[in-house]
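Novice: Questions regarding the structure given below will be posed in turn.
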Amino acid sequence: MQLFAASPFAPPESLRLRRDRAERILNGLRAVVVFLLTGAALMYAPHLSQALNTANVAVLGPMLAWTVVQYLIWYRHPELPDWLSAVNPIVDVTAVTVIIGGYAVAQSGVLALRSPIFLMYFVVLAGRPVASSVRKAALISVLAFAEYAVLLGWLWATNRVPIVINPIDAVQLARVTPLDEAAKLILLGVFGTVSTYATSWVEHLVREASKESAERQRVVTRLVQSELDTLKLQLNPHFLFNALNSAMALIATDPPAAERMVSELSDFLRLVLSTSSEQEVPLERELGLLDRYVAIQRVRFQDRLTVSCNIEDGVRAALVPSLLLQPLVENAIRHGISPRAGAGYVQVTAKRLGDKLSISILDDGVGVRARRSRERSRGTGLGLTNTITRLIHLYGDNHEFESGPQDEGGYAVRITIPFKLGRTTPARNGSHMDGNLATVAEV
C-alpha cells in the first residue's frame, strides 16, 4: 500500500521530542506492569507448580532487569537512543509470546491460550502511534501477528492443545476451538493495521502542519524583509533630498563647494548601494558611511560643527543595522546643531557591555523643546521613527532604545542591541573613521 510506503519525510524536532517523551512514559508504564506482575507472581508462587514459577521467573526476571537497566543507562540523557523505540516493543511482544508458550509447556495449552496475558499484544500496539515511526509500527504489528500465529501452529503441531469445533463444547470440556483462535488472529491483524495507519496519519498531520508553518514563516519573513527594505529606501531619499538642497544652495555662492558636495554624495551613495541587500553590517562599514556623510557636511559647514567618534577596541566587527548611524547623526546636526547660533558637537560612542553592544549619539544642540518644535514644523523625525521600527523587527524585545534631553543640555540617543561579530571589510575610497576623528564645519 502506498500509505505504508517508505517516505523521505524527516520528522521535525517537535515530533521527535514528543516521541521521546512518549517512549519514556511507555517505559514507565512497562516498569509499573512488570513490577505488578512480579508482585503477583510472588503472591501466587506458593499456589503454583514449580514449572509455572520457573516460567514466570524466566520471563519476568529479564524483563525487570531490562527495564531497570534502561533507567540507569539512558534516562539521564536528554534523549533516548532512537533504536530503543523499536527494541522495547519487540521485547514486549516476544515476552508475551514466550510467557504464553511457557504456560503451555509448564501446565496446559488451554490455560495458556485463555490467559489474559494475550491482551498485552494490544497494549503494546496501542502505544505505537505516539512513540514510533510508520515503519516501526508496521514491524511491531507484523511481529505480533506472526509470533502468535507461529505459537498456535506449534501448540497444535505438538498436540499441546485439545481441539473441538463447537465453541460451547470448548468451554464445557476445557478445550480450544480454532474459530476462537482465528478470531484472535483477525483482531490482532486488524488492530495492527489500525495502529500502523494511526501512526501514518500522525506523521501526515505533522508533515502538513510543518509545511504550513514553514510557509507561514517564509511569508512573514518576506513581509518583514519588504518592510525593512521599505524603511531603508525611505532613509536614502530623505538624506538625498537634504543633501541636494544644500548643494543647490551653494551653486550660486560657491560653485566649487557645490561640486565637491555632489562628488562626496556620489561616493556616499556608492557605499549605500553596496550594502543595500544587507540588513546587518559590521560597525566598521557603518563608520565608513558616516565618514562620507561627514565629508558632505564638511562642504556645507565650515568651523561650527565637530563630529567625533569614540569606538572601543574590539567592537568594529560587531553587526549593527545598516544605515543606523548616518540618519541619527543627521538628525542631531539638522535639528540640534544647525539652529544654534554658536558652535556645537556630535559624539558617537560604541562599546561592549557583556553580551550587548551599546551605541550612543550625543549632541549639545538647542535642546528637546526647540528640537521638537523644529521637527514638527518641517515634518521630520523620519530617521528616529524608522530606526525604532527596524530595531523592533530585527531584535524584538532584545534591544533598548532611549532618546531625550541630556542633563547638561543637548540631546542623546542610546541604543543597546545583541553583540554579534561579523566580518570587517577594508574601508573604501579611504572612508574610515577612527576614534580620534574630529570634523569641523561652519553653519
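Novice: Name every residue in region 335-354 that is assigned to a strand (DSSP E or B) and either open to solvent by less than 20 Å² (accessible area, probe 1.4 Å) or farther than 30 Å from Asn398 by Cα (or both), in order of residue number.
Specialist: Initial filter on region 335-354 (assigned to a strand (DSSP E or B)): 344-353.
Correct list: Gly344, Tyr345, Val346, Val348, Ala350.
Novice: Still on this structure, please answer the following. Assuming Gly102 fulfils every condition listed in (1) closer than 18 Å to Ala41 by Cβ; (2) open to solvent by less than 10 Å² (accessible area, probe 1.4 Å); (3) not acidic (Asp, Glu) apart from one, which condition is it?
Specialist: Condition (2) is where Gly102 drops out.
Novice: While we're on this one: Any chance region 173-184 includes a residue that's within 60 Å of the chain's Cα centre (by Cα), open to solvent by 70 Å² or more (accessible area, probe 1.4 Å) and among the aliphatic types (A, V, I, L, M)?
Specialist: Looking through region 173-184, at least one residue is within 60 Å of the chain's Cα centre (by Cα), open to solvent by 70 Å² or more (accessible area, probe 1.4 Å) and among the aliphatic types (A, V, I, L, M).
Novice: On to the next question. Would you be able to say whether some residue in region 278-290 is among the charged types (D, E, K, R), under 27 Å from His393 (Cα atoms) and at pLDDT below 75? It would help to see each step written out before you state the result.
Specialist: Looking only at region 278-290, we keep the residues that are among the charged types (D, E, K, R), and these are 278, 280, 284-286.
Retained after the next criterion (residues that are under 27 Å from His393 (Cα atoms)): 278, 280, 284-286.
Among the residues that remain, those that are also at pLDDT below 75 are: 278.
Yes; the residues of region 278-290 include at least one that is among the charged types (D, E, K, R), under 27 Å from His393 (Cα atoms) and at pLDDT below 75.
Novice: For a quick check of your reading of the model, give me the residue pairs whose first member lies in region 134-155 and is closer than 10 Å to Pro89 by Cα, whose second is assigned to a helix (DSSP H, G or I) and among the aromatic types (Phe, Trp, Tyr), with beta-carbon atoms closer than 6 Å and at least 6 apart or on different chains.
Specialist: Going by the 6 Å Cβ cut-off, the qualifying pairs are Ala144/Tyr121.
Novice: Looking at this structure, is Val124 in a helix (DSSP H, G or I), over 43 Å from the mean Cα position of the chain (by Cα) and either hydrophobic (A, V, I, L, M, F, W, C) or at pLDDT 90 or above (or both)? Break it down into steps so the answer makes sense when it comes.
Specialist: On the way: in a helix (DSSP H, G or I): yes; over 43 Å from the mean Cα position of the chain (by Cα): no; either hydrophobic (A, V, I, L, M, F, W, C) or at pLDDT 90 or above (or both): yes.
No; evaluated as a whole, the condition is false for this residue.
Novice: Related question: Assess whether Asp303 counts as being modelled with pLDDT of 80 or more and not small (Gly, Ala, Ser). Quick ask: steps written out before the conclusion?
Specialist: Values: modelled with pLDDT of 80 or more: no; not small (Gly, Ala, Ser): yes.
So Asp303 fails the test.
Novice: Inside region 24-47, can you point out the residues that are among the hydrophobic types (A, V, I, L, M, F, W, C) and farther than 21 Å from Tyr121 by Cα? Write out each step before concluding.
Specialist: Of all residues in region 24-47, those among the hydrophobic types (A, V, I, L, M, F, W, C) come to 25-26, 29, 31-37, 40-43, 45.
Once the filter is applied, which keeps residues that are among the hydrophobic types (A, V, I, L, M, F, W, C) and farther than 21 Å from Tyr121 by Cα, region 24-47 yields Leu42, Met43, Ala45.
Novice: Which pairs do you get when a residue that is farther than 20 Å from Asp355 by Cβ and touching a residue at least 60 places away in the same chain (Cβ under 8 Å), found in region 392-406, comes within reach of a residue that is open to solvent by less than 40 Å² (accessible area, probe 1.4 Å) and assigned to a loop (DSSP other than H, G, I, E, B), reach meaning Cβ atoms under 9 angstrom, with the pair 6+ apart or on two chains?
Specialist: From residues that are farther than 20 Å from Asp355 by Cβ and touching a residue at least 60 places away in the same chain (Cβ under 8 Å), the pairs are His393/Gln279.
Novice: Since Tyr75 meets every condition but one in (1) at pLDDT 85 or above; (2) more than 28 Å from Thr193 (Cβ to Cβ), which condition does it not meet?
Specialist: Tyr75 satisfies all of (1) at pLDDT 85 or above; (2) more than 28 Å from Thr193 (Cβ to Cβ) except (1).
Yes/no per residue for (1) farther than 26 Å from Ala22 by Cα; (2) buried (at least 22 other Cβ atoms within 10 Å of the Cβ):
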| position | (1), (2) |
| --- | --- |
| Asp92 | no, yes |
| Leu111 | yes, no |
| Phe118 | no, no |
| Gly127 | no, yes |
| Leu143 | no, no |
| Ala149 | yes, no |
| Trp156 | yes, no |
| Ile163 | yes, no |
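Novice: Something else about it: Taking the conditions exactly as written (at pLDDT 85 or above and either closer than 24 Å to Asp291 by Cβ or among the hydroxyl-bearing types (Ser, Thr, Tyr) (or both)), does Thr416 satisfy them or not? Full working, then the answer.
Specialist: Numbers: at pLDDT 85 or above: yes; either closer than 24 Å to Asp291 by Cβ or among the hydroxyl-bearing types (Ser, Thr, Tyr) (or both): yes.
Spelling it out, Thr416 is indeed at pLDDT 85 or above and either closer than 24 Å to Asp291 by Cβ or among the hydroxyl-bearing types (Ser, Thr, Tyr) (or both).
Novice: So which residues in region 297-325 are open to solvent by 10 Å² or more (accessible area, probe 1.4 Å) and under 13 Å from Leu362 (Cα atoms)?
Specialist: Thr306, Ser308, Asn310
Novice: Please pick out the residue among Tyr71, Tyr75 that is in a loop (DSSP other than H, G, I, E, B), more than 26 Å from Leu155 (Cβ to Cβ), touching a residue at least 24 places away in the same chain (Cβ under 8 Å) and not acidic (Asp, Glu). If you could, list the steps in order and put the result at the bottom.
Specialist: Details: Tyr71 fails: in a loop (DSSP other than H, G, I, E, B).
Being in a loop (DSSP other than H, G, I, E, B), more than 26 Å from Leu155 (Cβ to Cβ), touching a residue at least 24 places away in the same chain (Cβ under 8 Å) and not acidic (Asp, Glu) holds for just one of Tyr71, Tyr75, which is Tyr75.
Novice: Residue check, Val124 against (1) under 25 Å from Val32 (Cα atoms); (2) in contact with a strand residue (DSSP E or B) (Cβ under 9 Å, 6 or more places away or on another chain), all met but one. Which one?
Specialist: (2)
Novice: Of all residues being under 11 Å from Ser132 (Cα atoms) and open to solvent by 70 Å² or more (accessible area, probe 1.4 Å) in region 12-30, which is nearest to the chain's Cα centre (by Cα)? Just the residue, please. If you could, list the steps in order and put the result at the bottom.
Specialist: Filtering region 12-30 for residues under 11 Å from Ser132 (Cα atoms) gives 15-16, 18-20, 22-23.
Narrowing further to those that are open to solvent by 70 Å² or more (accessible area, probe 1.4 Å): 16, 18.
Working: Arg16: 14, Arg18: 15 Å.
Of everything passing the filter in region 12-30, Arg16 is nearest to the chain's Cα centre (by Cα).
Novice: Of all the residues that make up region 78-112, how many are assigned to a helix (DSSP H, G or I), touching a residue at least 60 places away in the same chain (Cβ under 8 Å) and of a type outside the set (D, E, K, R)?
Specialist: If we filter region 78-112 for residues that are assigned to a helix (DSSP H, G or I), which is where we start, we get 84-106, 109-112.
Filter once more, so that each one left must be touching a residue at least 60 places away in the same chain (Cβ under 8 Å): 84-85, 88, 92, 109-110.
After this cut, where a residue has to be of a type outside the set (D, E, K, R) as well, the list is 84-85, 88, 109-110.
Result for region 78-112: 5.
Novice: With in contact with a Phe, Trp or Tyr (Cβ under 7 Å, 6 or more places away or on another chain), farther than 26 Å from Gln279 by Cα, at pLDDT below 80 and not charged (D, E, K, R) as the only criterion, which of Gly342, Gly365 stands out?
Specialist: On the way: Gly342 fails: in contact with a Phe, Trp or Tyr (Cβ under 7 Å, 6 or more places away or on another chain).
Of the residues listed, the single one that is in contact with a Phe, Trp or Tyr (Cβ under 7 Å, 6 or more places away or on another chain), farther than 26 Å from Gln279 by Cα, at pLDDT below 80 and not charged (D, E, K, R) is Gly365.
Novice: Residue check: is Asn245 over 18 Å from Thr387 (Cβ atoms), in contact with a strand residue (DSSP E or B) (Cβ under 9 Å, 6 or more places away or on another chain), modelled with pLDDT of 75 or more and among the polar types (S, T, N, Q)?
Specialist: On the way: over 18 Å from Thr387 (Cβ atoms): yes; in contact with a strand residue (DSSP E or B) (Cβ under 9 Å, 6 or more places away or on another chain): no; modelled with pLDDT of 75 or more: yes; among the polar types (S, T, N, Q): yes.
Spelling it out, it is not the case that Asn245 is over 18 Å from Thr387 (Cβ atoms), in contact with a strand residue (DSSP E or B) (Cβ under 9 Å, 6 or more places away or on another chain), modelled with pLDDT of 75 or more and among the polar types (S, T, N, Q).
Novice: Tally the residues that are within 15 Å of Val34 (Cβ to Cβ) and polar (S, T, N, Q), restricting the search to region 90-116. Give the derivation first.
Specialist: Initial filter on region 90-116 (within 15 Å of Val34 (Cβ to Cβ)): 91-96, 98-99.
So of that shortlist, the ones also polar (S, T, N, Q) come out as 94.
Final tally of qualifying residues: 1.
Novice: Condition (residue is part of a helix (DSSP H, G or I) and over 45 Å from the mean Cα position of the chain (by Cα)) applied to region 156-165: is it met by at least one residue? Before the answer, list the steps.
Specialist: Residues of region 156-165 part of a helix (DSSP H, G or I): 156-157.
Okay, now just the ones that are also over 45 Å from the mean Cα position of the chain (by Cα), so 156-157.
The answer is yes; a qualifying residue exists.
Novice: Among the listed residues Val33, Val59, Val68, identify the single one that is buried (at least 17 other Cβ atoms within 10 Å of the Cβ) and β-branched (Val, Ile, Thr). Even if it seems obvious, please write down each step before you answer.
Specialist: Numbers: Val33 fails: buried (at least 17 other Cβ atoms within 10 Å of the Cβ); Val68 fails: buried (at least 17 other Cβ atoms within 10 Å of the Cβ).
The match here is Val59.
The values are calculated or read from the model by the stated rules, or taken from the named source; none is laboratory data. From a predicted model like this one, the values you see are computed outputs, not experimental measurements. Here the Cβ is made from the backbone with ideal geometry for all residues, glycine too, and neighbour counts use every protein chain on show. With ligands, DNA and RNA removed, areas are computed over all heavy atoms of the protein, side chains included. Shrake-Rupley method; radii C 1.70, N 1.55, O 1.52, S 1.80 Å.
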